[in-house]
1. Just to verify a number: what accessible area does B:Ile391 come out at with the full protein assembly present, 1.4 Å probe, Å² rounded to tens?
2. What whole number of Å gives the distance from the Cα centroid of the range B:654-707 to the Cα centroid of the range C:142-157?
3. Bin by bin, in steps of 20 Å, what percent of the Cα pairs in the protein assembly as shown do you find, going until the bin that has the longest distance?
4. In the range B:501-530, which residues give up 20 Å² or more of accessible area once the other protein chains are added, compared with their chain alone (1.4 Å probe)?
5. Give me the distance between the Cα centres of the range B:144-160 and the range A:1-57, rounded to whole Å.
6. Just to confirm a number: summing +1 for Lys and Arg and -1 for Asp and Glu over residues other than B:Arg75 whose beta-carbon lies under 9 angstrom from that of B:Arg75, what do you get?
7. Enter the buried accessible area of the C/B pair, total of both sides, probe 1.4 Å, in Å² rounded to the nearest 100.
8. Of all accessible surface on the range B:43-140 at a 1.4 Å probe, what whole percent is carbon and sulfur?
Amino acid sequence: MRYHTPSTFEDAARLAASASGLTRFLAGGTDVLVQLRAGMVQPDDLIDLKKISGVDAIERTEDGGWHIGVAVPGIRLGGHADLCADWPGVVEGMELVGSTQIQGRATLVGNLCNGSPAADSVPGLVAAGATVTITGPNGTRTVPVEDIPVSPGKTSLAAGEVVSAITLPPRGSNGGDAYLRFIPRTEMDIAVVGCAVNLRLDGDTITEARVALGAVAPTVVLVPEAADAIIGTTLDDAAIAALVAAAEAACNPITDKRGTVEFRTEVAGVLAKRAARIAYSRAKGENA
Amino acid sequence: MAKDEFNVHNLVGTRPDRPDGLDKVTGRARYGADISAPGMLWAAVVRSPHAHARILSIDTSKAEALEGVKAVVTRADFPTGLTGEDWNLQENTMAGDVALYDGHAVAAVAATSQLLANDAARLIEVEYEVLPHVIDVDDAIKPDAPAIRPGSADASVPEGMAPNVVRYMEFGHGDLEDGFAKADLVCEKSYKTEAAHQGYIEPHACMGQLGEDGKGEMWVCTQGQWFIRRMCSAVLGMETSQLRVTPSEIGGGFGGKTTIFMEPLSLALSRKAGGKPVKLVMSRAEVLRATGPTASASMDVKIGMTRDGTMTAARAEFRMQGGAFPGAPVDMALYCAFAPYKLPAVAHIGYDVLANRPKCAAYRAPGSPMGAFAVESLVDEMCRELGLDPIDVRLKNGVKSGDKSSYGPKFGSIGLTEVLEATKAHPNLAAPLGPNQGRGAAAGYWFNHGGETSVSMAISEDGTAQVSVGTPDIGGSRASIALMTAETLGIPYENVRVNVVETGALGVNEPTHGSRATFASGKAAVVAAEQAIGEMCRRAANEWGIDPEAVEWVDGAAQPAGPNAGKFPPMSIAEIAGKMGSTGGPISGHHEGNLDGVGASFGTHVVDVEVDPETGRTTILRYLVVQDAGRAIHPSYVEGQYQGGAAQGIGWALNEEYVYDDQGRLANPVFLDYRVPVASDLPMIDTVIVEVPNPGHPFGVRGVGETGITPPLPAIANAIQHATGARLRHLPMTPAKVLAALKG
Amino acid sequence: MTKVHVTTTVNGDPVEFLADPRETLLDSLRNSLGLTGSKEGCGTGDCGACSVTMNGTLVCSCLVLGVEAEGAQIETIEGMGGDTQLHPLQRKFVEHAALQCGFCTPGILVAAKKLLEENANPTETEIRYWLAGNLCRCTGYDKIIRAVQDAAAEMRGEAA
Amino acid sequence: MATVALHLWSGLRRLTGGAEVVEVNAETVGEALDALCAAHPGLAPLIQGGVSVVIDGDMTTSRHHPVTPENEIFLMQRLKGG
């Protein structure tokens, strides 16, 4: 295995495009090293992105959104007060990935590009409307986060393409987001179900919403029906019931070692309800 | 240190720093994988990806051609003709004609680096013919189940039983029908538990060296260096005494390191690689796939009870699979199941069943937790139905010293009543409970064990003492053995060094199992110290020119007694030791034997839980362990055993299980999915040490390590029913199972 | 397989080693540098026995490549305290019997030290969640939590 | 030699012609086990495979342990632990 430390994304993309064997990009490494160690993948070329300038930066964009470098570990997101104030749901999703030790390494982009439907940071990003910038042999392109994963372990990235940045939109006023996941223990598990809700209020009424579910389909899914169920409401009991029904209806899970179809479906509704209530109170400026 | 600066009569029961504490907080303690030697090779093992498959061919040529590969072994490199348990051990170490479970070793390779050994292992090509497999015990006991090893049943199995039944047992006493007829309530329920792994954090690791001269050495993490020696030499066909086994520090065992798994492979590879030492370290996935978890169980229990809570009769029928080899602890599960109860009539039936899973090993009170889950759950269900307090019912039926046990013999000194009364008096039982919260209690039992023990003690020239023991220190036993030795000799705790020694230094010792290290090595150390005291009294008597019988040992010194009392000043251990070279030579003591006099230990646990009614997740709010220690030599490590046992039981009850896919492959061979409790899953674990001394030990020790894993399984099930009304009869009680039960 | 020359700092000392690009920092520490205090319990970042800090961040050294250590500052259990000057955490772990087999202990001490650097007065819940990535199978965690609390109190200058 | 009573586990009745308590002439545990196997050869592989002997509530592992008619003697499957 060859180990590369390119200094630009263009170089990284060129390396990947010209490689004849198996290539892996290394940011936090918390997935790649596990696969390497278990013999699941034997890359010929490992391209470490951490020497590229700016990959460890969290910066506010001109329009008031956020630009997050691909090598920013989870622990840095949680330590960034302004980012946490804007997008608490995005940050709490990332903070649920692994232990304190994992938080020292694991990154948003790594979690996204691992392609797991259970990735804890992804529903929050999808609900937030985040985008990623992709650098490839033919230049750069920008796509919504939800377009990256296509099936478990697979992404829409072409050979030689590498995610070079992640961008969160401006939070704006009267908005709130939240992410909840269900695991059997309190820590150190892969989500059995995950749900993120992002919404905006006008007074007590929800005017905009995005709901994303994790671990209930081959990819993290955006559920417009669930958002529609609460838009125009004050999150009253009827709206909650409609949200729960929409969330459950959007589930297309499998039964595996971590959960059953029935359990995942039912708990998806429970988490949608609970996450919506937290996002709602955050949008109201309440401490939740 | 002057004698009056310490209170030599009160060491036992104090909490000094453990002797190996500094090594273990600085990282310098050396565990199984921490040793290296010049010229050392690294090994990797090729394992079956199939649950049951005939091995058609193994092609090692590509691996052998790789530069840096020094040896490859398959079963063809092992001697033939073994029988009985030796054959089982050899077969489990490396598959012969048939791979019997996912993870069963089929080949091993040694190379100049670990990465190279891994590469070489991937180049070994094995051709399999996949055979039908069976995983679940209730499937495995069916007459038409795939027969795993036809003809391997022992003489206890009557003709005509299903092909995978390899042991059968029944025992009991009294008139069962009469007993059930006298009951006001008779309940019969079925229960299941899934296989759990000991989950020690240190993977198995060893470094073995075996030359053409037949002499070998091994450094290994183990609970028993002599067991490793005997088993490895049997599997490899070598002379036992030619193998010297040194135990490393051990990173947890809980029974799982009382036997061999891959250790002979390092020796076989070394022999083939010209005698170079070979290090073999398991990955976590190998530990979970190919070492010895405990059995899984399917159990039917029937109990009769009168309206006032008197138990009139009981019957248990247990089926257990312990992998593709005989040895599921169904016997001990049955012995322990009704042990807390005085029963006029009781019947036990047990089946040991083969399945395509790894060969089970001992796990903390082997069998007892399963039996308790079934029986203590049903007792609780019946108490609820009759409106009786579960602790009172256990007090009413609880066994006392001299009572006939459920498994036959009468009990010696036991402390169940004292334990139950201490439980009742604990403030946790009065703590208020909120919505969705419930409280459960259960009792548990373990025999404890003495066993083959050899200890040597020597007085050094300065009057300090060294004790050589053969029981690896798995949780603080050096401290307790040092306390008992120092107490006996009348010297400071710090003046005793306890060494866990290699096989060449002592006679045979059984492993640290059966909660025996503090009991047996401690008892032998006391006898050895008394021998040395006798010799020191003789040396002093000679110096004084008086009869040795007229010398007594007080506060670490010989002093004249009887008619000579006060005639000479006391002669301290340091004075006697300082002159030993010119008064007769070394002063030492030793003791070897099968150490009987073991004392059984009962415990009760009380747990408060909260169940999320929308997700089925159970949170442990409060936890109490009350257990009879006999005598707590070092109370901190007794508490630690209670807390650790409870935590393992909590994991087994709620989340731990072996999950197999439909191909019979282990689906969760990583700590991410084999869910042992993490720090945030647990509350503080309250402990009460009850002390009803065991008359069979000089300080009253019973052994405390195992009982504590038994009550959590039923106690949590009982608490969940109290919280929700739902009764879970199949472990683990995962959120999905609880949520399904809540819906009825 | 070409090895890479790595220059780094471990426990304040400059060190060099050759690393196969596939080997982990844990392998490099244990096998190339002889620092066997960091343990491998899982190799997948789930047990924390290999915890070290790299440039001040707590990480599992089994999830870092040895080659990534180039130019970094690594701290391991071996740098935590000598016999004559134990870190309060090390002393309190012995005093409270917060270890049984001791295999998870180095990783827990490294992780707890980092916690107390960030939070001098953590609650029981904060300690439990911070250490959730450090599995201990022997103790049930009770005495570990108490030892961390007691060490924190001592480091704050409070009587325990 | 005195006559002592050995309490077997009832699963062994099949191999003892229905007896759950077998009386043998013996003065030690070893003599008792040998006499038991001599009287009921079908038991031999199970006894030789390892049993625990409990005398008046105390487990013994020594074949040389004395036994008397007053003792309550139980055979159990071999015990070990974790």
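The values are calculated or read from the model by the stated rules, or taken from the named source; none is laboratory data. Since we're looking at a predicted model, the values are computed, not measured. For neighbour counting, all protein chains shown are included, and Cβ atoms are generated from backbone atoms with ideal geometry for every residue, glycine included. The area values use the complete protein model at the heavy-atom level, side chains included, leaving out ligands, DNA and RNA. Shrake-Rupley method; radii C 1.70, N 1.55, O 1.52, S 1.80 Å.
1. 10
2. The range C:142-157 and the range B:654-707 have Cα centres spaced 25 Å from each other.
3. That works out to 11, 38, 37, 13, 2, 0, in percent per bin.
4. Residues shielded by partner chains are B:His513.
5. What the calculation gives is 55 Å, centre to centre.
6. Details: positive: none; negative: B:Asp77, B:Glu91, B:Asp97.
Its environment carries a net charge of -3.
7. Numbers: alone 8280 and 26940 Å², together 31020 Å².
Roughly 4200 Å².
8. 50
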